[in-house]
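One structure is given here, and the rest of the page talks about it.
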Amino acid sequence: MECKISWNSYTLMFLLFVLCSGGAAFDALDPNGNITIKWDVLSWTPDGYVAVVTMNNYQMYRPIMSPGWTLGWTWAKNEVIWSMLGAQATEQGDCSKFRTNIPHSCDKNPSIVDLLPNTPFNQQIANCCKGGVLDSWGKDPSAALSAFQISVGSAGTTNRTVKLPKNFTLLAPGPGYTCGPAKIITSTRFITPDGRRVTKAMMTWRVICTYSQFLASPRPTCCVSLSSFHNRSITPCPLCSCGCQKSSNCVMKTPSGEGVNKPVLQCTKHMCPVKVHWHVKSNYKKYLRVKITITNFNYQFNYTQWTLVVQHPNFNNATKVSSFSYKRLMPYPSINDTAMFYGRKPYNDVLMQAGPKGNVQSDLTLEKDGNTITLKKGWAFPRRVYFNGNNCVMPSPESYPFVPNSSG
């Protein structure tokens, strides 16, 4: 029996494939990664409540870089923000109906940003004022937390009359995150510093935001090139990995002072802001030596709190890592082939903009299992590479540096 599929069916199958692969928020290397936003109502006021909002970045290797996060929502009623500590609304909105005591913001859809590190102490609370920059959970859990206090008016004054905000959005700093609805959960318990008293929030609700690289950028943001001591040729990043010169804004040399606030990319054949180069330095009977170089091709952007994640079949036997900090990632108990690298403060924790200092490097020593790890069939090269949580474009397997016939 002959089966015929219409073009409409092909289109539908293609769209389903795109949505299930590129657009899905699930990350196989970080299955539980998300950003969790929690509201704890600490006290009631005559016309509303005072709450502390905390934001935890539970993603293992995806940080939030400068200029930081922006959190938004839609009020369910006609709520206003009387005051804030540790953060601020970007717009005051229309507060014309208030004559004496003017609220901090009357916007129906407020956008909240973190305060800067040099904020006066009387405007701060714990874990605030980092300029919106958050580390990844796998790198430093203590730096993956942000918080602010908010006093809300024209709202309910009991847990039965409060209406939860809707339509939460998170920019970090650009698009990519999708936030679910606010859900009431068990009230948070607080323990006093002496450990002798426990209090509870009057009411607690939670919002979970997940990341999708497809939503963050229609194009990739990094690529990988390869080389080895046994082959003089270099396998470059695939042509037009992140776009092509004709359709991209790029310059051949360092731009002048004009347009300093506008990202300017160095013209390359791959047109990626970041390139990761993997070089096999030497191959011995018991170990393999590798050099990793990360290069920034953006003239106006410094990557702070950067992370590099690499999948390689021999990372369970990594014995020495220089220049970078190193941590194993085991998303599943049976998998031990993934590692996260990041800079050491203050040596190379910032990947500087394009130029002589726009790169960071590290050497690795991997012990070998002679039965599996060889230079043949690409075993010496990584399977996948992620920079700041985004999947980098790899060369095609047939273009990997080949082993000469004369080599042992």
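The values are calculated or read from the model by the stated rules, or taken from the named source; none is laboratory data. Computed from a predicted model, the values in this text were never measured in an experiment. As a convention, Cβ positions derive from the backbone with ideal geometry for all residues, glycine included, and neighbour counts pool all protein chains shown. Remember, those area values only see protein heavy atoms, side chains included, never the ligands or the DNA or RNA. Shrake-Rupley method; radii C 1.70, N 1.55, O 1.52, S 1.80 Å.
Would you please give the FRET efficiency between residue 336 and residue 100, computed as 1/(1 + (r/R0)^6) with r the Cβ-Cβ distance and R0 = 60 Å, to the nearest 0.05?
Efficiency, rounded to the nearest 0.05: 0.40.
Where a ≥ b ≥ c are the square roots of the eigenvalues of the C-alpha gyration tensor, would you call the chain rounded, which needs a/c under 1.5, or, failing that, prolate if a/b is larger than b/c, or oblate?
Prolate is the answer for the chain, as a/c is 1.5 or above and a/b outweighs b/c.
Calculate for the chain the 222 nm mean residue ellipticity that helices alone would give, adding -39,500 (n - 2.57) per DSSP H run of length 4 or more and normalising by residue count, nearest 500 deg cm²/dmol.
Theoretical 222 nm ellipticity from helices: -1500 deg cm²/dmol.
Using the Karplus curve 6.51 cos²θ - 1.76 cosθ + 1.60 with θ = phi - 60°, what ³J(HN,Hα) values do you get for each residue of segment 88-101, in whole Hz, with x for Gly and Pro?
Here the 3J(HN,Hα) series is 8, 7, 6, 10, 6, x, 8, 10, 5, 7, 9, 9, 10, 8 Hz.
Note down the relative contact order for segment 49-202 as a percent, whole number, built from C-alpha pairs under 8 angstrom at least six residues apart.
Over segment 49-202, the number comes to 32 percent.
How high is the relative contact order of the chain? Use alpha-carbon pairs under 8 Å, at least six apart in sequence, and give a whole percent.
So the answer I get is 15 percent.
Identify all lysines with a Cα-Cα distance to residue 320 below 16 Å; exclude those on the same chain that are fewer than 8 residues away in sequence.
Result set, ordered by chain and number: 281, 286, 291, 368.
With r defined as the distance between the Cβ atoms of residue 267 and residue 109 and R0 fixed at 51 Å, what FRET efficiency is calculated, to the nearest 0.05?
Efficiency, rounded to the nearest 0.05: 0.80.
For the ranges 173-180, 146-153, what's the packing order if you count other beta-carbon atoms within 10 Å of each residue, average per peptide, and put the highest first?
Ranked by mean Cβ neighbours within 10 Å, highest first: 146-153, 173-180.
From the phi angles alone, apply the Karplus equation (6.51, -1.76, 1.60; θ = phi - 60°) to segment 61-72 and give each ³J(HN,Hα) in whole Hz, x where the residue is Gly or Pro.
9, 10, x, 10, 9, 4, x, x, 7, 9, 9, x
For residue 129, which sequence-distant residues (separation of 5 or more, or a different chain) have an amide H within less than 5 Å of its own amide H, given hydrogens modelled in the peptide plane?
For residue 129, the qualifying residues are 115, 147.
With a point put 7 Å past each Cα toward its Cβ, work out how far residue 245 is from residue 317 in nm, to one decimal.
Those two pseudo-labels are separated by 4.3 nm.
HN-Hα J couplings of segment 36-51 from phi, Karplus 6.51/-1.76/1.60, θ = phi - 60°, integer Hz, Gly and Pro as x?
Running phi through 6.51 cos²θ - 1.76 cosθ + 1.60 with θ = phi - 60° gives 9, 10, 10, 9, 10, 6, 8, 7, 9, 10, x, 10, x, 7, 10, 10 Hz.
According to the square roots a ≥ b ≥ c of the eigenvalues of the Cα gyration tensor, what is the shape class of segment 94-220, taking rounded for a/c under 1.5, prolate for a/b larger than b/c otherwise, and oblate for the remainder?
Here segment 94-220 falls in the rounded category.
How would 214, 402 line up by accessible area, probe 1.4 Å, largest first?
402, 214
Lys pairs in segment 34-211, Cα-Cα under 25 Å, at least 8 apart or on separate chains: how many?
Within segment 34-211, the lysine pair count is 25.
Would you mind telling me which residue in 97, 163, 345 has the biggest mean-square fluctuation in a Gaussian network model of the chain, where springs connect alpha carbons within a distance under 10 angstrom?
97
Tell me the carbon and sulfur percent of the accessible area for segment 34-211, rounded to whole percent, probe radius 1.4 Å.
Carbon and sulfur: 52 percent of the exposed surface of segment 34-211.
Subtracting the Cα-Cα distance from 0.36 nm times the residue separation, let me have the gained length for residue 154 to residue 124 in nm, one decimal.
Taking 0.36 nm per residue and subtracting the Cα distance, the gain is 8.4 nm.
In degrees between 0 and 90, to the nearest 10, how far off the longest principal axis of the chain does helix 7-21 point, with axes built from Cα atoms?
With both axes taken from Cα atoms, the answer is about 80 degrees.
Test of understanding: what is the full-extension gain from residue 185 to residue 396, defined as 0.36 nm times their sequence separation minus their Cα-Cα distance?
Separation in residues times 0.36 nm, less the Cα-Cα distance, equals 71.2 nm.
Stretch residue 197-residue 42 to full length: gain in nm at 0.36 nm per residue minus the Cα-Cα span?
Fully extending the segment from residue 197 to residue 42 adds 54.2 nm.
For the chain, what is the accessible area per residue in Å², given a 1.4 Å probe and the full set of protein chains?
So the chain comes to 53 Å² accessible per residue, rounded to a whole number.
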